[in-house]
Structure formats: C-alpha cells, structure tokens
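Notes follow the structure.
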Amino acid sequence: MISEHKTADVSFESLLRIFTIPEGPDSTLTTIEEKLSRNLNQFLREHIVAEEKPLRDIEKDFSNASIPEQPQFVSDHTQHLLDTLVSHSVHTSAPSFIGHMTSALPYFLMPLSKIMIALNQNLVKIETSKAFTPLERQVLGMLHRLIYAQDDPFYNQWMHSANHSLGAFCSGGTIANITALWVARNNALKADGDFKGVEKEGLFKAMKHYGYEGLAVLVSERGHYSLKKAADVLGIGQEGLVAVKTDNRNRICPQALAEKITQLKAQNIKPFAVIGVAGTTETGNIDPLKEIAQICQSEACHFHVDAAWGGATLMSNNYRHLLDGIELADSVTIDAHKQLYIPMGAGMVLFKRPDAMKSIEHHAQYILRKGSKDLGSHTLEGSRSGMAMLVYAAMHIISRPGYELLIDQSIEKAKYFADHIEQQPDFELVSDPELCLLTYRYLPEHIREALEKSQGKETEELNELLNELTKFVQKRQRETGKSFVSRTRLNPSRWGYLNTIVFRVVLANPLTSRDILSTVLEEQREIVKQAPNLIAKIEKLAQHVIAKSN
C-alpha cells in the first residue's frame, strides 16, 4: 500500500509497497475488509442507496477519460469508490431483489476469494496453476458424476487423463453453450478421406465436401439469447438457430421438433445439434429431455442441455426427477454462479464422452503441448482464474444435502408465492413455477372480466394498456429501490397468445421471506395508484366492453 504521507509519490520503492500486505490495522481498506467479512449484507445495506440518482448523473462521476498523472492514497481512492461506485451499485444480495438469477452469497467466499486472487493462478497451463489443474479436473468430475452417475473406475480412468477432458470451466453459460456447439459442429464436419475437418479447412470447404446447403441448431422458442451469439460465432448465422414451438407450459413440442428436423433435411440442411432447456430464463420450465434424446439418437444429432439455471436441481434427491433424461445428453451447461451460489464468472460445460473435446483440441510449442495436462488445450478462453477453487470449497462446506435444502426451499417458496398470487383478487398468475421462477401481472377481477368478454381490437387495446401499466409499475419499483422484480414478454394461450408483458421473479435467495413477498405485492398496488391517467383509460375501456356484452 502507498504509505500515508501528506503527499503520494511515484517512486519505485513506493510502488513496491502496494504489492505487499499493509502494516497495521488502521488503514481504511483494512477496516472495510473487516466489516465486509463480519457482515456483508449489513455493509451493503449501509453503503448502497436506493436508486434515486439517474444513470446519466452517475455517468458524470466516470466521465474523465484521462489516466491520472498523480497517484492517490489507497484510503482516499477506497472512499472515492464507496461514494461513487458502491453507493450506486445494485444490491443483488438483498432479499427483496427477486428479479434476476442472483442471490446472497455464503460468507465464507469472501476470505476464500482473497486467497484465490492472491495466488493469481492461470488455469490455461499447468506451469501457472499446478495444484489448481487437478482441482479443476476434480470439480468437473464431481459435476459430471452428478449428471451422468458413472462409477468409480470411470473417473479413475478419465478424470485426470492428459489426453481427455470431462468438460471445461468457462466465464458463464454463453461460453459454455458456444463450447458445446463448437464440439458438436466439429464432430459433425470431421475429417473424411482427403478432407481434413472443418477445424482445419473451414466451414465453406466442409459444407462443399459434405454437400450441405446449410447447418442448423434447433431449440425451443424459449431458448436463451446467448444461443444466437453461438450461431453467429460458429458461422451458421442466426438463421441457422431454428426455433421450435412450445406448449402451454413453455416446453418444446417433441412432435414439432421431429417435423422441423424433417423439413430441414428436405432442404439439404444438416441439423447437427438440438438443445433442450432445463430451466428457461423467462419461466424456469424444463423441456421433455427424454423425448428430445430419443429424437436426437434417431437423427444422429448432438443433444445438448442448457441447464445453466436448472442444473443445480440435480443436487436435490427430492426434485432431481424434474431433469430426468439429462443423463442422456451429449453435453450439459451448468452455471455455478446461479444456484450453486458462487460469485459471477463460473460456468461449466460437461461432456458425456471423455474424448468429445478432441475435436476442438489446440496445441502450441511453448504451452498446451501434446500429452500435457494443460487445461487450455480444450477451452475457448485462454487465461482464466481459479474459480474452480470456490466451487470446490462450496461443495465441501455446503455439501450435497446442504444444496438440497437450498434447492428445496426455493422451489417450495415459489409454490407458496404462486398460491398467494392466485388468492389475490387483483393479480394474475401467468406461469406456474416448475423450479423457482414464476410470472404474474396486476389484473383486477373486473378488468379480467372485461378482457375475457372483449373481442378483436378491443382485446388487443385492453391488453396493450395492461402491458403499459406493467412496464410502469416495474420501472417505478426499480427506481424506488425498496424491492425489484424484472419483466418479460410471454404469449399465454389463455389470452389468445397475445404479447403479454409480465412481472418475473426468481426466488433463489434463501434470505427472501414470505413477508417480503407480500410486501412486494403491496408496493406494486401502491405504485398502480401513481398512474391515474392510465388506470382511467383501462377502466373506461373495461366498462365499455362489459356494458356492450350485457
């Protein structure tokens, strides 16, 4: 740490001090660390203010593009960060923050994260990671076993094999999904005769060799937006990501999937992968994985399961049956920074076959040599931190039964909230929770009656006014800062598949109580009163519809 003199200097000796442990317990930074370690949530409650300051005003605090010519004391800069950055950050660990897939974190991750950062291991190669390499391989093996339930000899043979890999750590679900589809594409366009494979000769020559007019990946209408990025990066184009219709529970229709594959093949388009979703981002629903697996097997398609959200459900013996069929997948994505309660930046992709990732294997002379155990030879990302250490620690400290308790309480809390919403005369449950996500909207009984009796343009107009009200309430609730729910757009069959904007809540935070859930609804009722003109329009149209129907 730069010493606390009256002026800071930039001598080499002073810079060396910031790479050593500060002396004495009196520095501002040390005090902040102690407060964070003792009670993270209390610290955040004290320092994060409600979102009263508009983003455009916050941007003014970060508008100077010049690199400073004079150094600051660590204590001064820390206070600056508290005032400008921390105070206007989002309190994602707050129990009333139920709009996104984030949660309070276990307290023990704070000191362990400091160890991980201090060690600063680079997992791309064993020369810069050593013990972290077998640790990461073990973590991948633990998650692989959670999914595929192989026996001890399997993991004894393959988990630490230099020429094989059970999966890869990634920065998140996006890179994990790209990696899975990258493997699927390369295996579908592998070396054949004089053709050296797509990884060597490129997509154009591969398509020419195999005689395909195009390539396709199929996923439900509720597939995550990251899959469009994957299609773009892999060269098949966003049109190569083919959406398949879903049923009333937001799950892919197997018959529609089979029909779509037949249509693509008739156009000489190769469907090389199908993605089943285990926990859709918008509603938390799970595709019929067993049926998808059967179709993939008969069509020789790579079966990938995007379980970034729902994969942790496998920790619960009470609810893992919801993901029946995931063990048939060729690859699976799981995000540890979701329901495994790890800080952001910990995604994983697991492969059923230990040799699957050979199709994307890369080597270099100075690192990633053939026969080495360098993890970078099978990952899209090069330099990576040792996030596996935090997953390893959490699985030992929390344990599987501990995760089971967390998973069970979140699902049961969602069921409770769904029942509570259905008992309210002024709210409508739009999607019933399968995991711990649900959607709903503000819809008083007499407005619901009008919507049921309306027809044609009146139905659309009334629905649009309700959409406008939902957007207003969600935005005002976020700006007020007491609580937060997100919003999304669904097409419920009950209302003729109209575009319907709804509130979306995720109940993974174990600190979220039933009282807080009731308070969220009460706050939304109060916010509705702040839109008198919009409410008047809705009431007027509803009265007209009901009067006309009588």
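For the chain, averaging the sequence separation of C-alpha pairs within contact (under 8 Å, six or more residues apart) and dividing by the residue count gives a relative contact order of 17 percent. Highest-first packing order for the peptide set 454-464, 496-506 is 496-506, 454-464, based on the mean count of other beta carbon atoms within 10 Å. The residues neighbouring Leu181, those whose beta-carbon lies less than 12 Å from its own, together hold a net charge of 0 under the Lys/Arg +1, Asp/Glu -1 convention. Tally Lys and Arg at +1 and Asp and Glu at -1 over the other residues with C-beta under 14 Å from the C-beta of Leu234: what net charge comes out? Residues near Leu234 contribute +1 overall.
Beta bridges per DSSP, both residues in the chain: antiparallel share near 55 percent.
Taken about its Cα centre, the chain carries a charge dipole of roughly 1000 debye when the Cβ of each Lys and Arg holds +1 and the Cβ of each Asp and Glu holds -1. When the C-alpha to C-alpha distance is required to be over 29 Å, the pairs from Lys245/Lys415; Lys229/Lys529; Lys413/Lys537; Lys130/Lys338; Lys53/Lys471; Lys35/Lys125 that qualify are Lys229/Lys529; Lys413/Lys537; Lys35/Lys125.
In region 247-288, Cα pairs under 8 Å separated by at least six residues give a relative contact order of 43 percent. Using a 1.4 Å probe on the protein chains only, how many percent of the accessible area of region 299-450 belongs to carbon and sulfur? In region 299-450, the share of accessible area belonging to carbon and sulfur is 50 percent. Cβ distances below 4.7 Å define possible disulfide partners, and in the chain the cysteines left without one are Cys170, Cys253, Cys436. Projected onto planes of every orientation and averaged, the convex hull of the alpha-carbon atoms in region 403-549 covers 8.6 nm².
Remark on region 263-407: hydrodynamic radius 17.1 angstrom, per the Kirkwood mean of 1/r across alpha carbon pairs. Taking only the Cα atoms of region 112-235, the ratio Rg/Rh comes out at 1.04, with Rh defined as the Kirkwood radius. Close amide H contacts of Val242 (hydrogens built in the peptide plane, cut-off under 5 Å, sequence separation of 5 or more or a different chain): Val217, Leu218, Val219. Specify whether the C-alpha gyration tensor of the chain places it in the rounded, prolate or oblate class, a ≥ b ≥ c being the square roots of the eigenvalues: rounded for a/c under 1.5, otherwise prolate if a/b is larger than b/c and oblate if not. Oblate, because a/c is 1.5 or more while a/b does not exceed b/c. Gap in Å between the Cα centre of region 141-217 and the Cα centre of region 493-540? Each part's Cα centre sits 43 Å from the other's.
How many percent of Cα pairs in region 159-299 exceed 19 Å?
Roughly 55 percent, once rounded to a whole number.
Other residues lying with their Cβ under 12 Å from the Cβ of Tyr155 contribute a combined charge of 0, Lys and Arg counting +1, Asp and Glu -1.
The values are calculated or read from the model by the stated rules, or taken from the named source; none is laboratory data. The structure presented is a predicted model; accordingly, all values stated were derived computationally and were not measured. For neighbour counting, all protein chains shown are included, and Cβ atoms are generated from backbone atoms with ideal geometry for every residue, glycine included. SASA here: full protein model, heavy atoms, side chains in, ligands and nucleic acids out. Shrake-Rupley method; radii C 1.70, N 1.55, O 1.52, S 1.80 Å.
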